[in-house]
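Note sheet for the following structure.
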Amino acid sequence: MRWWLYILAFTLLSCTSTKEPKQEALTPLYTPKYAKSFSIGLDSLNRKVLTITNPYQSDKPFEQRVYLLDKKQVAPNNTTSIHIPATKISALSSSHVAMIDAIGAAERVVGVSGVRFLTNDSVRSRAVEIGYESALNFERIKGVGSDVVLLYGLYGEQSATTTKLTELGIPYIYIGDYIESSPLGKAEWIVAIAAVCGMQERGEEYFAALEERYNALKQRAAQYTSRPKVMLNTPYNDSWFMPSIRSYAVQLIADAGGEYIYPQNDSAESKPISLEQALILASTADFWINVGQVATLAQLKSENPKFSAVPAVVNRRVYNNTKRTTSSGGSDFWESGSVNADIVLSDMIKLLHHNAPTDSLYYYKRLE
């Protein structure tokens, strides 16, 4: 009997059939200068491909290739494809809405997660609420005729959301702007979203102008001789989470000519420290910013009496990024701030080096 030959043959066939095909090398069309999680290229048939890599916080490598096709092109089998320009877009993040608006295509947003929180009046009054990633309203997403859904990768690629969207035949794209560690890296995602809208050139023009303005401000801030020390955040469940030195907020402080108070955290994520340790750090800080939902110094002091003795509180150098908020609690800092990185940096320079009053700032306010 040669039963072992049949087993061997079956094993070899199984291995061959499950092996993933090698991805075709692409000719670069747009390579980001700051963003780390996307690129745009052309395949051998001149089809535009948006490649998304590791768009969420995970140790597991991930890549999504999205074919952006014209009317005559056909995508390879078993791939995500969109015929551009996408004219009906559903978005799970307000920053996605701001990027679409910045290139002049706000009318294409038909569905938004948390639409009532938007500061963009035109989109808020017209787009439908589609729910949240863990409980999306797929009937509405399909009902408004979405060409594509822009996701943020909070739950990774194996979520029930992507499974259901695939069943419905609705393409989705992971937008990883929120994991970028620099303000310009976050803003550069406007090029990726513009490509989906068939407006890549407009996205590149917008970003190039933004980059020029931002870097001019950064160079000006580098001339200041003093570097004020900055404390961040407030306690959460008896822990005080301090950002990594590779985070967006810390990069913004550095670009504005400031010094982050906790450079010891060089990991990839925020690190919890004790309230006692945080108070020691705060006692040496010149400024205290991004204090959650706190609106006044009195409210901040009421959270913990020991805050009253913090120098930044005594000297009225506490600022929050909540100047532009809606009555429903939406924050324009996290919406249009993503495409106005130069204005955010301008605010930071003004408050760190001039202790600016609220009326001279756009996104920030000084607590009184």
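The values are calculated or read from the model by the stated rules, or taken from the named source; none is laboratory data. Owing to the predicted nature of the structure, the values given are computational and were not obtained by experimental measurement. Cβ: placed from backbone, ideal geometry, glycine included. Neighbour counts: every protein chain shown.
The table that follows gives values for the structure above.
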quantity	calculated
Residue ID - surrounded by the most Cβ atoms within 10 Å (Cβ to Cβ), chosen from residues in the range 204-227 that are farther than 21 Å from G258 by Cα and touching a residue at least 12 places away in the same chain (Cβ under 8 Å)	F207
Count - residues of the range 31-60 that are modelled with pLDDT of 95 or more, surrounded by 15 or more Cβ atoms within 10 Å (Cβ to Cβ) and in contact with a Leu (Cβ under 9 Å, 6 or more places away or on another chain)	12
Subset of the range 201-240 (residues that are polar (S, T, N, Q) and out of contact with any strand residue (DSSP E or B) (no Cβ under 7 Å at 6 or more places or on another chain))	N215, Q219, Q223, T225, S226, T234, N237
Any hit, the range 271-278, residues being in contact (Cβ under 8 Å) with a residue 40 or more places away in the chain, crowded, with 20+ Cβ neighbours inside 10 Å, within 20 Å of the chain's Cα centre (by Cα) and not assigned by TED's automatic domain parsing to the domain that holds G185	no
Filtered residue count, the range 150-172, keeping only those that are at pLDDT 90 or above and charged (D, E, K, R)	2
Conditions (1) farther than 24 Å from I179 by Cβ; (2) out of contact with any Asp or Glu (no Cβ under 7 Å at 6 or more places or on another chain): number failed by S331	(1)
Residues of the range 246-269 satisfying the condition of being farther than 18 Å from L352 by Cα and either under 22 Å from the mean Cα position of the chain (by Cα) or not assigned by TED's automatic domain parsing to the domain that holds W288 (or both)	R246, S247, N265, D266, S267, A268, E269
Matching strands (runs of 3 or more DSSP E) fully within the range 127-233 where at least 2 residues are within 21 Å of the chain's Cα centre (by Cα) and not acidic (D, E)	148-151, 172-174
Total residues in the range 46-83, condition more than 27 Å from the chain's Cα centre (by Cα) and at positive phi	2
Matching entry among V110, V123, V128, V149 (being outside the structural domain of Y206 (by TED's automatic domain parsing) and closer than 20 Å to S81 by Cβ)	V110
